[in-house]
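The values are calculated or read from the model by the stated rules, or taken from the named source; none is laboratory data. Keep in mind the model is a prediction, meaning the values are calculated, not measured. Heads up, the Cβs are rebuilt from the backbone with ideal geometry, glycines too, and the neighbour counts pull from every protein chain shown. Surface accessibility is based on the protein's heavy atoms, side chains included, excluding ligands, DNA and RNA. Shrake-Rupley method; radii C 1.70, N 1.55, O 1.52, S 1.80 Å.
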Number of protein chains: 2
Amino acid sequence: MDLKAVQDYYPDDLSYCYGCGRLNEQGHHIKSYWDGDETIAHFIPESYHIAVPGFVYGGLIASIIDCHGTGSAALASYKNENREPGTLPPFRFVTASLQVDYLRPTPLGVELELRGKIVEIKGRKVITEITISAGEEICARGKVVAVQMPEEFNKK
Amino acid sequence: MDLKAVQDYYPDDLSYCYGCGRLNEQGHHIKSYWDGDETIAHFIPESYHIAVPGFVYGGLIASIIDCHGTGSAALASYKNENREPGTLPPFRFVTASLQVDYLRPTPLGVELELRGKIVEIKGRKVITEITISAGEEICARGKVVAVQMPEEFNKK
């Protein structure tokens, strides 16, 4: 497994995402890696990331699915071009749409595992399916349609 | 317009949600009201809630759609029983599924308006459609399938 996550290769000016930017001091710092043909990330919610006491807030679950989805899209795009993350030009995706199904309450206080499958790569679009597990149980399932970042994002 | 939001009527032990719980000190404190036949909420993202500099993080957008969706579901359920929020028994919903379409980048630094339409009330399930606008432009559109909180949430 690459010791660096794909987010560690994002250009500095695109590394402030609250979910996964290494330069956002308040953020979640989601880090996505390959694990065989799947992508993987881990996250431990904070004690205040609660829906009701004992269970993880659904908005946080959506957030980390979102960021692991765009990270997985970048990983898949490098692989699709037989390139390593860190080679130029960089891939950086944003989310066009996000679907999350909450299958069961997600317990707080344990490390969550996110696993991603690459469903489709077509032009500038990559579709991934992401699961979130606590221990052996899948608690939520997401689908992320990610598109390569449009130029207008860089004009601000 | 009721001066108290529906979240202000949630029972104390169900008021710790990171997105909308009045008792979660670190949370977003989303507050949902009726505005005619629609529901409404407002939110100003923090400076660090960014995707890339200048634009709001998609995970935050999903989060506030989620909470305004469950809040709108509670409002709709009281109305459906010709009851005022605060009367017993209380309505408290969780999210079964969440769909968000990101229509355009959401600018940071302005107040966002969330508007909800009640699409369906059926048994314990309420479906709402939520938009997020910055000024005159709708930036994201969501659909929230909310269900009344199952008993198991109260056993923790």
The stretch B:88-98 - phi-based ³J(HN,Hα) in whole Hz, Karplus 6.51/-1.76/1.60, Gly and Pro as x: 9, x, x, 9, 9, 10, 10, 8, 8, 8, 9
A:D13 versus B:K117: modelled label distance in nm, points set 7 Å from Cα along the beta carbon direction: 3.9
Per residue accessible area of the stretch B:1-153, 1.4 Å probe, in Å²: 43
Other-chain or far-sequence residues with amide H under 5 Å of B:I138's (modelled H): none
Part-to-part distance (alpha-carbon centres) for the stretch A:43-71 and the stretch A:78-122, which is given in Å: 15
Per-copy distances of the A:K4 label point, shortest first, in nm (7 angstrom along Cα→Cβ): 5.5
Cα radius of gyration and Dmax for the protein assembly as shown (Å): 18.9, 62
Delta accessible area of at least 20 Å² on complex formation, residues of the stretch A:86-102, 1.4 Å probe, chain isolated as reference: A:T95, A:A96, A:S97, A:L98, A:Q99, A:V100, A:Y102
Where GluC sites (Glu not before Pro) in DSSP loops with at most 15 other Cβ within 10 Å are excluded, longest remaining stretch of chain A: A:47-80
Per residue, the convex hull volume that the Cα atoms of the stretch B:30-156 enclose (Å³): 115
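Could you grab the relative contact order for chain A? Cα pairs under 8 Å, six or more apart, rounded to a whole percent.
Once divided by the residue count of chain A, the mean separation gives 23 percent.
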With DNA, RNA and ligands ignored, accessible area of B:K31 (1.4 Å probe; Å², nearest 10): 60
Most fluctuating residue given options B:G86, B:G19, B:G135, as computed from a GNM of chain B linking Cα atoms under 10 Å: B:G135
Positive minus negative residues near B:H28 (Lys, Arg vs Asp, Glu; Cβ under 13 Å): -1
Integer Hz, Karplus 6.51/-1.76/1.60 couplings in order for the stretch A:25-35, x for Gly and Pro: 5, 8, x, 8, 6, 4, 10, 10, 10, 6, 9
Apportionment of accessible area to carbon and sulfur, the stretch B:3-156, percent (1.4 Å): 48
For B:E25, inter-copy label distances in nm, listed shortest first [label point 7 Å out on the Cα-Cβ vector]: 2.0
Heavy atoms of A:V147 accessible to a 1.4 Å probe, total area in Å² rounded to 10: 40
Ellipticity estimate at 222 nm from DSSP helix runs (n ≥ 4, -39,500 (n - 2.57)) divided over chain A, nearest 500: -5000 deg cm²/dmol
Nm distances between copies for A:E84, ranked from closest, using label points 7 Å along Cα→Cβ: 6.8
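How much accessible area is lost when chains B and A come together, counting both sides, with a 1.4 Å probe, in Å² rounded to the nearest 100?
Chains B and A together bury roughly 3100 Å² of accessible area.
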